[in-house]
1. Of the residues that sit in region 237-266 and are under 20 Å from the mean Cα position of the chain (by Cα) and closer than 19 Å to residue 218 by Cα, which one is surrounded by the fewest Cβ atoms within 10 Å (Cβ to Cβ)?
2. Residue 271: in contact with an Asp or Glu (Cβ under 9 Å, 6 or more places away or on another chain), touching a residue at least 60 places away in the same chain (Cβ under 8 Å) and more than 26 Å from residue 29 (Cα to Cα), yes or no?
3. Pick out the one residue from 176, 229 that is part of a strand (DSSP E or B) and touching a helix residue (DSSP H, G or I) at 6+ places or on another chain (Cβ under 6 Å).
4. If you check 53, 29, which single one turns out to be in a strand (DSSP E or B), touching a residue at least 24 places away in the same chain (Cβ under 8 Å) and either out of contact with any Pro (no Cβ under 8 Å at 6 or more places or on another chain) or surrounded by 15 or more Cβ atoms within 10 Å (Cβ to Cβ) (or both)?
5. Being among the basic types (Lys, Arg), closer than 30 Å to residue 334 by Cβ, in contact (Cβ under 8 Å) with a residue 24 or more places away in the chain and in a strand (DSSP E or B) is the requirement here; does residue 42 meet it?
6. Does region 339-379 hold any residues that are over 19 Å from the mean Cα position of the chain (by Cα), in contact (Cβ under 8 Å) with a residue 40 or more places away in the chain and surrounded by fewer than 21 Cβ atoms within 10 Å (Cβ to Cβ), and which are they?
7. If you scan region 217-236, which residues turn out to be surrounded by fewer than 18 Cβ atoms within 10 Å (Cβ to Cβ), within 16 Å of the ligand (Cβ to nearest atom) and among the acidic types (Asp, Glu)?
8. Any residue in region 170-199 that's at positive phi: show its pairings with residues that are more than 15 Å from the ligand (Cβ to nearest atom) at Cβ separation under 6 Å, as long as the two are six or more apart or on different chains.
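The values are calculated or read from the model by the stated rules, or taken from the named source; none is laboratory data. Since this is a predicted model, take the numbers as computed values, not measurements. Neighbour counts are summed over all protein chains in view; Cβ atoms, including those assigned to glycine, are modelled from backbone coordinates with ideal geometry.
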Amino acid sequence: MPTRSKIQKIELFHVDIPLKKPFYPSWISGYPQLHNRFTLIRLTTDDGIVGVSAGAAFETEREGLGELIGPYLFGLDPTDIGVINQRLKEISYLGWRNSWIEPAFWDIRGKMEGKPVYKLLQQKEEDVKEVRVYCSTGEIQPAEKRLECIDKIRGMGFKAVKLRVRSPTIKEDVDLVSRVRERVGEDFGIMVDANQGWRVTIIDEPPLWDLDRATSFARECEKLGVLWLEEPLDMYSYDELSALREVAKTPIAGGELSAGWHELKIMIEKGCYDIYQPDATFAGGISTSRRVMEECLGRDLGFSPHTWTNGIGFLVNLQVYAAFPRKTYLEYPYEPPGWIPLSRDAILKNPIEVSSRGTVPVPDTPGLGIEIDERALRKYGKRFYLLTQLRLALQSIRRMGLKTTLEIARKKGVR
Ligand SMILES: [Mg+2]
């Protein structure tokens, strides 16, 4: 029997990429975002294979996370995704949401098997060279400015755009979508995101939609040929979402920031959405995304993951999406001048650009296809946690004494 690999080094970095221009995300009304921040995890096995993933961050809120996760993840067999998810669940009992870490293990597993991760997720293995993407805008802009931007993105090759709506009245929201439809004609895809799923009111108070407003707006979307209406209600309003879906002819989409399978399962059973959008860096890792994807396949539902975090999060979700046979469009976050590939993907060797066909390539290298530019990581990143065998032993002896440390090592060793 071949000896199994083990995680022998764990590193965590705060990454902070200043944006060239402020970005005003519609999901935090009034907030000028000046940085692209995330936590990067880098795991190394005893045979030198490296796995990477990233979790979106506001500041350096994960500063103490290493002390918690280190002893749980050190020494794990990176191919045993079942045990890894069990450990991540155990770590989460204290309140941290840690599923953003899980894709790093898939990265290692793909590298060990010499396959891109999407091939580990497919029901029937086949090559996927590229996927079609839609331009996901992120700001609420005056109609004239939005139309100018749409002219530009059409010129770039995009075949669909997602608009954000947050006006005080339905009429203003409908006017915007209708003006865009007029401008782009019938053949260009339009999606609309109301960003009601997880409202943030720290600066401005955006309008709060109820079932009536969502229903009225969905009817207007139908007339305007909208491909999907995203997050028209709070993510936990399961009953209202399924009631909306009963009457709306426009497909209803959501599920991006769900906490895991336990929530997504309820949504699927209650019939909340036509299109599920779990983000593998929020909603339970690649394992949960795969489970949702398989449910969507079996129930003839749509699947198009959320990707708006950073370049690494995009690549993680791209791999999951590439495994879905009934593809439509994947989210490509782009809102110049604030949110552009240069800032979104600054620590990647190759920022992810959209082709003139409105597609992005699916990396065919083993793993997730994340290639870190070490110079850029040194520039924008700060390592705040490092765990090796020696450090783990010293930490344990310091905290529990030699006798207990040896006893625990013996128990873990015989398992
Ligand atoms: Mg969304």
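1. Result: 252.
2. Working: in contact with an Asp or Glu (Cβ under 9 Å, 6 or more places away or on another chain): yes; touching a residue at least 60 places away in the same chain (Cβ under 8 Å): no; more than 26 Å from residue 29 (Cα to Cα): yes.
Answer is no for this residue.
3. Details: 176 fails: part of a strand (DSSP E or B).
Testing whether each residue is part of a strand (DSSP E or B) and touching a helix residue (DSSP H, G or I) at 6+ places or on another chain (Cβ under 6 Å) leaves just 229.
4. Details: 29 fails: in a strand (DSSP E or B).
Going through 53, 29 in turn, just one is in a strand (DSSP E or B), touching a residue at least 24 places away in the same chain (Cβ under 8 Å) and either out of contact with any Pro (no Cβ under 8 Å at 6 or more places or on another chain) or surrounded by 15 or more Cβ atoms within 10 Å (Cβ to Cβ) (or both): 53.
5. On the way: among the basic types (Lys, Arg): yes; closer than 30 Å to residue 334 by Cβ: yes; in contact (Cβ under 8 Å) with a residue 24 or more places away in the chain: yes; in a strand (DSSP E or B): yes.
When the stated conditions are applied, residue 42 passes them.
6. 355, 356, 357, 364, 365, 366, 377
7. If we filter region 217-236 for residues that are surrounded by fewer than 18 Cβ atoms within 10 Å (Cβ to Cβ), which is where we start, we get 219, 222-225, 234, 236.
Retained after the next criterion (residues that are within 16 Å of the ligand (Cβ to nearest atom)): 234, 236.
Scanning region 217-236 gives a single hit, 234.
8. none
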